[in-house]
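Since the structure comes first, as structure tokens, the remarks are kept for the end.
Laboratory data are not the source of any read-out in this text; all were calculated from the coordinates shown. What you are looking at is a predicted structure, and each value in this text was computed from that prediction instead of being measured. In this analysis, Cβ positions are derived from the backbone assuming ideal geometry, glycine residues included, and neighbour counts consider all displayed protein chains.
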Amino acid sequence: MRPFLADLHVHTVLSPCADDLMLPRGIVAAALRRDLSLVGICDHNASENVAAVQAAAVQTGVSVLAGMEVTSREEVHVLALFPDLEVAAAWQGFVYGHLPLLPNNERAFGVQLVVDERDEIVSVDERLLLTATNLTLAEIAAEVDRRGGLAIPAHVDRPAFSIISQLGFVPPDLAVPALEVSARANPEEPRAIHPSLAGWRLVQSSDAHFLGQVGAARTLFWLEEPTFAELRLACRGEQGRRIEYCWGRG
């Protein structure tokens, strides 16, 4: 078992709120500067840029995880991480079926770019991604788990789009293995402020929208190797894999 640093919540230019420089090669370079072994690409309600970041990371030592930041009906953001591109693509189709069929307002929200591993634009996603699905938090958690993925409610300590802000507490029967705290959290604050976080495994991620934020918050995992399968075991506290700490600011 060895320690590996991970940032499980990084956006690309497919997220309209992300900076124009959040391109595959820049993200991988930023991950290397922060000594990251695992990076989760989690754009808003979409996963089309995961393949490009994975291709840009080949032979770099950075494992890029296929993910998405899904918005539930309650407007709770949830990280959904998957074992491979095939499962992530199927999940994207499922999510698209539960999003309102509305056009993106580029003036209000920004452009949603699909790119390749050379950072070149492939297409523009014209569907409105910055909106809520009609899936409940519980439905998202159950469906992600059914597909062999990891559902982790995002930035639970934030005053908006978090499980605390939207529900006021973490349901004790919520079927997720861990919760994410934001980059601004400190070791004592989340559980002290929110008693319902007691007993939950916590990870910390950057929620990077700019290159300088990649790895600015990260989590140390003890794993055999930096893979999704190992990460899933650690988030569940199984077979000796574990989360060492979750306040790992870079």
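Can you give the charge dipole size of the range 15-160 about its Cα centre, rounded to the nearest 20 debye, using +1 on the beta carbon of Lys and Arg and -1 on the beta carbon of Asp and Glu?
In total the dipole reaches around 180 debye.
For residue 75, put the label point 7 Å out on the Cα→Cβ axis and report which residues of the range 158-178 keep their amide N under 14 Å from it.
Within reach of a label on residue 75, which here means backbone N under 14 Å from a point 7 Å along Cα→Cβ, the range 158-178 contributes 159-168.
Using a simple charge model, +1 on the beta-carbon of Lys and Arg, -1 on the beta-carbon of Asp and Glu, nothing else, what dipole does the chain show about its Cα centre, in debye to the nearest 20? Working shown, then result.
Working: 20 positive and 32 negative charges, 120 e Å.
Taking the Cα centre of the chain as origin, the dipole is about 580 debye.
For the peptides 158-166, 44-52, what is the packing order when you average, over each peptide's residues, the other Cβ atoms within 10 Å and list the highest mean first?
44-52, 158-166
Note down the nm distance, to one decimal, between modelled labels 7 Å out along Cα→Cβ at residue 169 and at residue 2.
It works out to 4.4 nm between the two label points.
Out of the range 76-179, which GluC sites (Glu not before Pro) are coil in DSSP terms and have no more than 16 other C-beta atoms within 10 Å? Please report the intermediate quantities before stating the final value.
Details: sites: 86, 106, 117, 120, 126, 139, 143; in loops: 117, 120, 126.
Here the sparse-neighbourhood loop sites are 120, 126.
Taking the Cα centre of the range 166-245 as origin, sum charge times position over the Cβ atoms of Lys and Arg (+1) and Asp and Glu (-1), and report the length of that vector in debye to the nearest 20.
Values: 8 positive and 10 negative charges, 13 e Å.
Charge dipole of the range 166-245: 60 debye, to the nearest 20.
In terms of the ratio Rg/(2.2 N^0.38 Å) built on C-alpha atoms, what value belongs to the chain?
The value comes to 0.92.
Just to compare against my own numbers: the Cα pair-distance distribution for the range 115-158, 10 Å bins, whole % per bin, please.
Whole-percent P(r) values from 0 Å outward: 20, 31, 34, 14.
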